[in-house]
Amino acid sequence: MHWSEIKSAVAGPRKGVPLTNSGNKLYSFGGWCMGPNMTAIYSNELLTLNLEMPHPSNNLLNSNMSNLSPLNSSRFDALPQWFTTRTSGTPPTARWGHSLTAVGNQLYLFGGCVDKGPTNEFYSYDIRKSRTSNELYF
Amino acid sequence: MWSVVHARGPSPNPRYNHAAAVYDQYLIIFGGVAIFDDKNSAYYNDVWIFDTSK
């Protein structure tokens, strides 16, 4: 047994950030980030990491969704990258130390520290209604 | 799309650094930290269950 770093998955350093999975994707929201001059910044980004990768035998440029195979550890350092998702509806404000949990096609976000301190705000996010115009994090 | 969940009845107090997990259709929250003022905070050990099917 050993760890493998997914070197292609780069997002800004952060703490107090939850991670949950639904289908072949990991989802993360917010967190405590270090801004300019070592000031703390709370994030309000929804990040997605797609763990479903094209099969090595496929031409990567021409691969389509039906040719995707499950995670292949030998390709860990090649493809998965974080995407920010343009969200709609009533998104949570920036926060850290909250929970984010997937139940089927819904993400549930509870609590966390916002500008005013701890909160018990409770949000849901419908994955199926997320826009497809994801953007690479960097 | 994000939505605010309006749960009926009592709900967990404001908190951060809690843990959450899923069991079947149930969302379960445990522990965390609350801040009451500059000098007072509390660590929680309560468990809350939310039924996402209702």
Q.
Can you pull out the trypsin sites (Lys or Arg not before Pro) in the stretch A:1-33 whose DSSP state is coil and whose Cβ has at most 16 other Cβ atoms within 10 Å?
A. A:Lys7
Q) Which lysines does A:Lys116 reach when only Cα atoms under 19 Å apart count, and residues fewer than 8 places away in its own chain are ignored? A) A:Lys15, B:Lys39
**Q.** Low-density loop positions, chymotrypsin sites (Phe, Trp or Tyr not before Pro), chain B - DSSP coil, at most 12 other Cβ in 10 Å
**A.** B:Phe36
Q. Within the stretch A:1-39, which chymotrypsin sites (Phe, Trp or Tyr not before Pro) sit in a loop by DSSP and count at most 12 neighbouring Cβ atoms inside 10 Å?
A. A:Trp3
**Q.** Ranking of A:Leu109, A:Leu51 by count of other Cβ atoms within 10 Å, fewest first
**A.** A:Leu51, A:Leu109
Q: Work out, step by step, the length gained on full extension between B:Tyr26 and B:Asp51: first 0.36 nm times the residue separation, then minus their alpha carbon distance; give nm to one decimal.
A: 8.5 nm
(Q) Exceeding 29 Å between C-alpha atoms, which entries from my cross-link table qualify? They are A:Lys7/B:Lys54; A:Lys25/B:Lys54; A:Lys129/B:Lys54. (A) A:Lys7/B:Lys54
Q: Within 10 Å of each residue's Cβ, count the other Cβ atoms and sort A:Ser124, A:Ser8 from fewest upward.
A: A:Ser8, A:Ser124
Q) What length, rounded to one decimal in nm, is gained on full extension from A:Asp126 through to A:Lys15, with 0.36 nm per residue of separation minus their alpha-carbon distance? A) 37.5 nm
(Q) I'd like the distance between the alpha-carbon centres of the stretch A:1-52 and the stretch A:75-117, rounded to an integer number of Å. (A) 9 Å
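Quick note: the coordinates plus some simple rules give every number you see, no bench work behind them. What you are looking at is a predicted structure, and each value in this text was computed from that prediction instead of being measured. Neighbour counts are summed over all protein chains in view; Cβ atoms, including those assigned to glycine, are modelled from backbone coordinates with ideal geometry.
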